[in-house]
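Participant: Quick one: structure below, then a few questions.
The values are calculated or read from the model by the stated rules, or taken from the named source; none is laboratory data. As the structure is a computational prediction, the values presented were derived from the model and not from experiment. Methodologically, a virtual Cβ is constructed for each residue, glycine included, from the backbone with ideal geometry; neighbour enumeration extends over all protein chains shown.
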Amino acid sequence: MIAAVSGEILTRRADHVVIDAAGVGYRLAVSAETLRTVPPVGERIFLHAHLVAREDSLALYGFATEDERELFLMLTSVSGVGPKVAMAVLSGGAVGDLLRAIASGDAKTFQAVPGIGKRTAERIIVELREKVAGELEDSISVPSGSAGGPREEAHDGLIGLGYTPAEVERLLAAAAGETAEELIGSALRHGRAAA
């Protein structure tokens, strides 16, 4: 399996790039988000990759970050979401924003993507919500030894996830726990239940 491609950019298009890696040109389909990080033709690049093998084709997909590739794999695990639709979803925003949309049950974010209707958007949220929320909780870096105590640490952690101060206050008002991690987990669970 091809996990990454590194080399000189030969072609840079709206939906793909071609990279010369040791004399072989690899065509990688990319999202609009990844394309933003791609330098001009002639410069070197490193992209994470995923190969999709079908009976009649091999397709290589490129990602600027490991997180984007992981979200692609999660999306393609959802019934009715193929690689092309998953790339369209990834083109719709930053990985963190898409993860938060799934965790909060925001189906409208996904309905705005061409090729995704209401049912598919809801299926993405139903099938991935718990998994994504768990990953968001695990990825939160809570500063240790803060003078403000667990509630302030939880506040900072939720701000780091992209919530506004007003949303954080609302989430923490209903949260319970003794440590910052417990408070954040409780706040995210409460936010999902309220959505």
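Participant: Could you give every pair whose Cβ atoms fall below 7 Å, whose first residue belongs to region 176-188 and is without any contact (Cβ under 8 Å) to a residue 24 or more places away in the chain, and whose second residue is buried (at least 17 other Cβ atoms within 10 Å of the Cβ), counting only separations of at least 6 or pairs across chains?
Facilitator: A176/S186; S186/A175
Participant: OK, next. Hey, among T164, T179, which residue is surrounded by fewer than 14 Cβ atoms within 10 Å (Cβ to Cβ) and modelled with pLDDT of 80 or more?
Facilitator: Answer to the selection: T179.
Participant: A further question on this structure: Report yes if some residue within region 50-62 is out of contact with any Leu (no Cβ under 9 Å at 6 or more places or on another chain), surrounded by 12 or more Cβ atoms within 10 Å (Cβ to Cβ) and modelled with pLDDT of 95 or more; otherwise report no.
Facilitator: no
Participant: A follow-up question, please. Out of (1) modelled with pLDDT under 80; (2) farther than 15 Å from R189 by Cβ; (3) crowded, with 20+ Cβ neighbours inside 10 Å, the odd one out for A101 is which?
Facilitator: Of everything listed in (1) modelled with pLDDT under 80; (2) farther than 15 Å from R189 by Cβ; (3) crowded, with 20+ Cβ neighbours inside 10 Å, A101 misses just condition (1).
Participant: How do the pairs read when you match residues in region 27-46 that are more than 14 Å from L90 (Cβ to Cβ) with residues anywhere that are acidic (D, E), using Cβ under 6 Å and keeping only pairs 6 or more apart or on different chains?
Facilitator: Taking only residues 6 or more apart or on different chains, the pairs are R44/E8.
Participant: Please go through region 137-155 and give me each residue that is modelled with pLDDT under 80, over 23 Å from D106 (Cα atoms) and part of a helix (DSSP H, G or I), ordered by number.
Facilitator: Across region 137-155, the qualifying residue is only G149.
Participant: Find the residue count for region 39-79, including only residues that are more than 29 Å from I125 (Cα to Cα), outside any loop (DSSP other than H, G, I, E, B) and among the hydrophobic types (A, V, I, L, M, F, W, C).
Facilitator: 2
Participant: Same structure, new question: Output the number of residues of region 84-113 satisfying the condition of being in a helix (DSSP H, G or I) and under 20 Å from T37 (Cβ atoms).
Facilitator: So the answer is 10.
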